[in-house]
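Taking it in order: structure first as structure tokens, then the write-up.
The values are calculated or read from the model by the stated rules, or taken from the named source; none is laboratory data. Just so it is clear, the structure is predicted and the values come from calculations on it, not from any experiment. Positions of Cβ are generated from backbone atoms using ideal geometry, with glycine treated the same way; all protein chains shown enter the neighbour counts. Ligands, DNA and RNA are stripped out before the accessible areas are found, and what is left, the full protein with its side chains, is counted by its heavy atoms. Shrake-Rupley method; radii C 1.70, N 1.55, O 1.52, S 1.80 Å.
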Amino acid sequence: MAQPRRNTSIFLRAVEFLATVAIVGLSGSVLAKVGHNIPRVSFTTTVAAIDLLYLGYVGLFVPVALNNTTPSFIILGAQSAVWILYLGSWAAIAANFPTDCSTNSWENSSRATCRSYQALLPFTLFNWLLYGVEGTLFLSYSYVNEVVNHGLGHTFRPSPFYWGSIFALDLDLVRQCCGILLFRRSAERERKPRGDNEGRVGNRDNEIAPADENILAEEEAKVASEDPVPTGHALNDHVRGTRPISERRSIQGNRTSTGEPVVGGQV
């Protein structure tokens, strides 16, 4: 599952980079050929430059300098800001869009310059839609998951991402089905103390609480301690099955030095 997300992130960022480079080239060409400033074209050039800076951050700085970790709120803020800027860019171009480039009526420029200006609209609109897709994926699979499971404050700390900073590495806690996000609680939140719930069993009226294993073990230990256990010489005598020491001494006293029993009281 990690490979598709990584490939998707690489594909989206690569397409975004190519479209942004095309916007920079077209807007620069229009400004150079017209010979004077056109605010909406200059604004589009500025937006594309900001986009390239952001791509440099997520494509080079985060993987190399930050080891693919960055605070999520930076990605959210940058994605939202560039998305809004592209919205204003293509809207401004569409508001002054030439429908016919056969004449020199548009900014007293050539037909090629007019065509370049027309091409800015689909490219800026495409990047705006692309940022919308990236932002939706980021919110669905990364940001919302982090806020739900770790809190809003965690978004200000560095979090690990795949290249492109769209998909976070910790993605196993969010599922998506039919466009609806289904959230699962983290494993830590699912681990609730069961002792309290089990302790409540048997405290109700007319119910018998189950015996505790610790109490049973203590009772068995007490019973075992009450049984007399022979110690020392008595233990040896008990094991070997011999008689007590006092009886052995009385028997030995009735024998001679050669070990024969005393007969008739003779010593």
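Structure above, values below:
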{"item": "Per residue accessible area of the range 20-63, 1.4 Å probe, in Å²", "result": "43 Å²"}
{"item": "Zero-based 10 Å bins, Cα pair distances in the range 1-142, whole percents", "result": "11, 40, 28, 15, 6, 1"}
{"item": "Solvent-accessible surface (1.4 angstrom probe) belonging to Val148, in square angstrom, nearest 10", "result": "50 Å²"}
{"item": "Carbon plus sulfur fraction of accessible area for the range 16-137, probe 1.4 Å, in percent", "result": "71 percent"}
{"item": "Förster radius 35 Å - calculated FRET efficiency between Ala112 and Leu169, Cβ distance, rounded to 0.05", "result": "0.15"}
{"item": "Where N is the number of residues in the range 63-108, Cα Rg divided by 2.2 N^0.38 Å", "result": "2.01"}
{"item": "Where labels lie 7 Å past Cα in the beta-carbon direction, separation of Thr46 and Leu87 in nm", "result": "1.8 nm"}
{"item": "Estimated FRET transfer efficiency (Ser80, Arg157; beta-carbon r; R0 25 Å; 0.05)", "result": "0.80"}
{"item": "Overall Cα dimensions of the range 1-59, principal axis frame, Å, largest first", "result": "51, 16, 14"}
{"item": "Around Trp128: net Lys/Arg minus Asp/Glu count, Cβ-Cβ under 12 Å", "result": "-3"}
